[in-house]
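Right, one structure below, let's go through it.
The values are calculated or read from the model by the stated rules, or taken from the named source; none is laboratory data. Being a predicted model, the structure only gives us computed values, none of them experimental. No Cβ is skipped: glycine too gets one built from the backbone with ideal geometry, and neighbour counts run over all protein chains shown.
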Amino acid sequence: MKIILRTLRQRFVQLWLFCFLPLALGATQPPVIPLPASYSLGEGCFGLQKPIGVLGPDSDKGALTQMVVNLFAESGYHAFATDGRILGGQTLRLSYLTEFDSLIGNEGYHLHIGSSEIRILANSNAGLQYAINTLGQLLRAAANDCLSAWSITDYPRFSYRGMHLDVSRHFMPVAFIFRYLDLLAMHRMNTFHWHLVDDQGWRLQIDRYPLLTEVGAWREDRSHEHWNHRPLSSPEAPKTYGGFYTKDEVRQVVAYAQARNITVIPEIEMPAHVMSALAAYPGLSCTGKNLGVPPGGVWPITHIYCAGKEETFEFLENVLLEVMELFPSPLIHIGGDEADKTEWKSCELCQARMAAENLPDVHALQSYFIRRIGAFLASHGRRLMGWDEILEGGLAENAIVMSWRGEEGGIQAARMQHHVVMTPGSHCYFDHYQGDPSTEPLAIGGFTPLDKVYAYEPEPAELTPEEKTYIIGAQANVWTEYMPVPAHVEYMVLPRMAALSEVLWSPAQSRNWESFVRRLPHLIRNYEAHGYNYARSAWKVQATEEVLPEARQIKVSLTTLLPVDSIVFRTEGKGSGNSPQVYRNPLMIGQSTKLQAYAVVNGTSTPVVERNYHIHKAFGLQVEQQPTPSKRYPGTAYSLTDGIEGSRWFADGRWSGILDDHWQASLSFGKATRVKQIGLTALHDPASWIFLPDSLVVYVSKNGRTFRPAGHLKSVPSTNTNEVSTHRFVLYPAPGRYKAIRIGAFRTADIPATHPGHGEKVWMFFSEITAD
Ligand code: ACM
Ligand code: ZN
């Protein structure tokens, strides 16, 4: 009986939810990001028109009280510090719990808003600050001078909530570091991973080794060139570009962070990504060569610290002693990523080390290197953290793994009972594009829009509950090769940081994109109030196409990730030019058409997105490819005949990537078809190791079985440039009716000697095959 009753009750609840969910979610969730762990809305509200007396904890010397007073002032309300003797009127009390509340832990809080009193309780200063953060968001969203009567109990899901910043590829002034920390605090991130060392600049003053900053912090300014096409500098070239942080500045940064519950983890890269250090102290490499501080990208990274020399370890230990003196963080990041061990293989000292230590290969030598540094850090009470390459050849005792090459390294480490921070490139690399690359500033590649970040789940499903406890959190990485100035960094991290903050703070089961989207405008207003340069990418129009081969049509849907007032489009086709219209339903494109679309948000238009649809005789046909494209760049079922050329962005999903020197594509029309011209689009993007074919041959078949050559293009246009470009090759077969066609593409010429891919396999990328 009982059971039946429960079932009925659940049914009722489900039914009720079904009817009212959208309304209920909107009405009963506090307009706060990240969404609190638990909350309820009481009757009435706290009036904001009368002055508000703020009473802080005695131990705090008024800092928190002042924070609250400022918060009310920002929203146009009057609050003042009181010592509690003035009773009556509107009051806000902040206090520490007398007994530790283990539910809310070290960072959680309770916040109760009544009609005349706001009460904030926490175990820690961090908890009180996070409560103030929530209060600030409620205040900004308050209507009618009245603060809704929320009761909130809140605490984070993960203890490690990180943001990284690379200040080597581009030096960021210390004033921006403070601003960045403000952003971290605004999003309840409690860890700042400061990437202070890389090939292109050493950014930290080290007293014992002054050349690290005198030499290593400066490089030749080759900003006018693409990052990946800047040659190594000559010794004579003036080294004018760079900068570094003095120890005083670092202490200020650490203190500023500490006051905001943020731990600063310094990253001192080793054994690779250290050409800046080797420019200062060339003797620390295997070869002793001085290659200078590279002004741009270097790949592969072969010039690294020698693992055979004792001087290397003496140097690194001395550096780390000064680092530990500056940074109280229990974790010290030592990099460990992307070391090409070529120099180690031919270095007598490295080989001698391997023999002496019984190390079977260079991976074991890297592991020896990292373990030795890990033991040194441990002897000073610190723990080593490193990129997932530190797993190779064996993991140092107690080391924390930062999993960046996907989640594999993190999964492996968690199973070995090592703590893990997840930073997979797929979801956590904020140097990736966040919108259609044709309308975004140049980025390194990848595609990580806001909803993808929001969908990230740091605990891999394949781990057991016990193994999952080793995943302590996640972090977004901000590599700055393509972010020369602070405003650009802001653009790349906002609003994606908001999405990540909810992933890391809020209970997994409360994650809901629609709810997030409803709460986001309040946070955006806060960005605007503080003049942050946030990206508008999520309001831009996205065109999504579906190929309907039978109907010979493309169904085009126009959407935006975040709500907009309207989407406007116009089309231009054969003999018709249409005036702009408001988009309502998907467009059915049945003939070659140019489409332009933009969104309108608060009276402002977003950048125009443009598409050219080409409905041709091969449209929607299946293509047989030999070899089949790489699994990494497979294209889609119809990407070679979907009527859409690939963009200048190799990872847009429309390109078939071939890591071979020949490729053949065949398609059949099904019946004899008159063909006058045959086209193929290919991509030229040397920085991504993608080159055009050197020659193309077209074959035609009248019976669908036997083919004969019908035309051939040799030496396609000059590609003596590093600019990314798409090329459409066109061949004209003898006029006739054909049942099938075939295209062969070949790469025969060498990759230029100046390109790092010289002598290696490179890519060919193809998108549309056309027949007209
Ligand atoms: C990395 O992105 N090389 C850690
Ligand atoms: Zn060596």
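What the table below lists for this structure:
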read-out: Filtered residues of the range 377-390 (kept if over 15 Å from Ile471 (Cβ atoms) and touching a Gly at 6+ places or on another chain (Cβ under 7 Å)); value: Leu384, Gly386, Trp387, Glu389, Ile390
read-out: Any hit, the range 369-376, residues being within 16 Å of ligand 1 (Cβ to nearest atom), at pLDDT 95 or above, over 30 Å from Ala651 (Cβ atoms) and of a type in the set (Val, Ile, Thr); value: yes
read-out: Filter result for Ile444 (within 16 Å of ligand 1 (Cβ to nearest atom), surrounded by fewer than 24 Cβ atoms within 10 Å (Cβ to Cβ) and hydrophobic (A, V, I, L, M, F, W, C)); value: yes
read-out: Residues being among the basic types (Lys, Arg) and closer than 16 Å to Gly335 by Cα - total across the range 352-380; value: 2
read-out: Lys247 in contact (Cβ under 8 Å) with a residue 60 or more places away in the chain and among the basic types (Lys, Arg); value: yes
read-out: Qualifying residues in the range 346-383 (those that are of a type in the set (Ser, Thr, Tyr) and either touching a strand residue (DSSP E or B) at 6+ places or on another chain (Cβ under 6 Å) or free of Cβ contacts under 8 Å to residues at least 40 places away in the same chain (or both)) - the one nearest to ligand 2 (Cβ to nearest atom); value: Ser367
read-out: In the range 143-195, the residues that are of a type in the set (Val, Ile, Thr) and part of a strand (DSSP E or B); value: Ile152, Thr153, Thr191
read-out: From Leu321, Leu326, Leu349, Leu331, residue being among the aliphatic types (A, V, I, L, M), surrounded by fewer than 18 Cβ atoms within 10 Å (Cβ to Cβ) and within 26 Å of Gln252 (Cα to Cα); value: Leu321
read-out: Options Gly425, Gly445, Gly435, Gly386; residue that is closer than 20 Å to Asp166 by Cβ, modelled with pLDDT under 95 and in contact with a strand residue (DSSP E or B) (Cβ under 9 Å, 6 or more places away or on another chain); value: Gly445
read-out: Residue within the range 208-224 that is farther than 26 Å from Met270 by Cα and either part of a strand (DSSP E or B) or free of Cβ contacts under 8 Å to residues at least 60 places away in the same chain (or both) present; value: yes
read-out: So Glu408, is it surrounded by fewer than 24 Cβ atoms within 10 Å (Cβ to Cβ), among the charged types (D, E, K, R) and over 20 Å from Ser329 (Cβ atoms); value: yes
read-out: Residues located in the range 290-313, provided they are more than 16 Å from ligand 2 (Cβ to nearest atom) and of a type in the set (A, V, I, L, M, F, W, C); value: Val293, Val298, Trp299
read-out: Elements of type strands (runs of 3 or more DSSP E) contained in the range 36-133, each with 2 or more residues being under 32 Å from the mean Cα position of the chain (by Cα) and either modelled with pLDDT of 95 or more or under 26 Å from Phe158 (Cβ atoms) (or both); value: 38-47
read-out: Selection count, the range 550-581, where residues are among the charged types (D, E, K, R) and within 22 Å of Leu450 (Cβ to Cβ); value: 1
read-out: Only one of Glu343, Glu357, Glu348 that is touching a Phe, Trp or Tyr at 6+ places or on another chain (Cβ under 7 Å) and more than 16 Å from ligand 1 (Cβ to nearest atom); value: Glu357
read-out: Looking only at the range 480-503, and only at residues there that are assigned to a loop (DSSP other than H, G, I, E, B) and crowded, with 21+ Cβ neighbours inside 10 Å, the one that is nearest to ligand 1 (Cβ to nearest atom); value: Thr480
read-out: Residue identified as more than 16 Å from ligand 2 (Cβ to nearest atom), at pLDDT 95 or above and closer than 30 Å to Gln137 by Cβ among Ala257, Ala217, Ala237, Ala280; value: Ala257
read-out: Matching residues, the range 384-435, being among the acidic types (Asp, Glu) and either within 12 Å of ligand 1 (Cβ to nearest atom) or part of a helix (DSSP H, G or I) (or both); value: Asp388, Glu389, Glu408, Asp431
read-out: When residues of the range 721-772 are limited to those that are within 19 Å of Ser630 (Cβ to Cβ) and of a type in the set (Asp, Glu), the one modelled with the lowest pLDDT; value: Glu760
read-out: Selected residue (only one of Lys671, Lys676 is assigned to a strand (DSSP E or B) and either of a type in the set (A, V, I, L, M, F, W, C) or surrounded by fewer than 17 Cβ atoms within 10 Å (Cβ to Cβ) (or both)); value: Lys671
read-out: Subset of the range 226-241 that is under 24 Å from the mean Cα position of the chain (by Cα) and away from ligand 1 (no atom under 16 Å from the Cβ) - its residue that is nearest to Ala175 (Cα to Cα); value: His226
read-out: Odd one out for Pro282, checked against (1) touching a residue at least 12 places away in the same chain (Cβ under 8 Å); (2) more than 16 Å from ligand 1 (Cβ to nearest atom); value: (1)
read-out: Residue in the range 296-309 that is away from ligand 1 (no atom under 16 Å from the Cβ), of a type in the set (D, E, K, R), free of Cβ contacts under 8 Å to residues at least 40 places away in the same chain and surrounded by fewer than 21 Cβ atoms within 10 Å (Cβ to Cβ) present; value: no
read-out: Residues of the range 679-715 satisfying the condition of being in a strand (DSSP E or B) and under 16 Å from Arg737 (Cα atoms); value: Val698, Tyr699, Val700, Ser701, Arg708, Pro709, Ala710, Gly711
read-out: Test set (1) touching a Gly at 6+ places or on another chain (Cβ under 8 Å); (2) part of a strand (DSSP E or B); (3) away from ligand 1 (no atom under 16 Å from the Cβ) - Ala277 fails condition number; value: (2)
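Residues checked against (1) assigned to a helix (DSSP H, G or I); (2) touching a strand residue (DSSP E or B) at 6+ places or on another chain (Cβ under 6 Å); (3) surrounded by fewer than 20 Cβ atoms within 10 Å (Cβ to Cβ):
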residue: Arg519; (1), (2), (3): yes, no, no
residue: Leu523; (1), (2), (3): yes, no, no
residue: Thr544; (1), (2), (3): no, yes, yes
residue: Leu558; (1), (2), (3): no, yes, no
residue: Met588; (1), (2), (3): no, yes, yes
residue: Leu595; (1), (2), (3): no, yes, no
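Yes/no per residue for (1) within 21 Å of Tyr160 (Cα to Cα); (2) without any contact (Cβ under 8 Å) to a residue 40 or more places away in the chain:
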site: Leu320; (1), (2): no, no
site: Glu325; (1), (2): no, yes
site: Pro328; (1), (2): yes, no
site: His333; (1), (2): yes, no
site: Ala339; (1), (2): no, no
site: Trp344; (1), (2): no, no
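Per-residue answers, yes or no, for (1) within 16 Å of ligand 2 (Cβ to nearest atom); (2) acidic (Asp, Glu); (3) more than 30 Å from Gly242 (Cα to Cα):
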| site | (1), (2), (3) |
| --- | --- |
| His432 | no, no, no |
| Glu440 | no, yes, no |
| Asn512 | no, no, yes |
| Val517 | no, no, yes |
| Leu520 | no, no, yes |
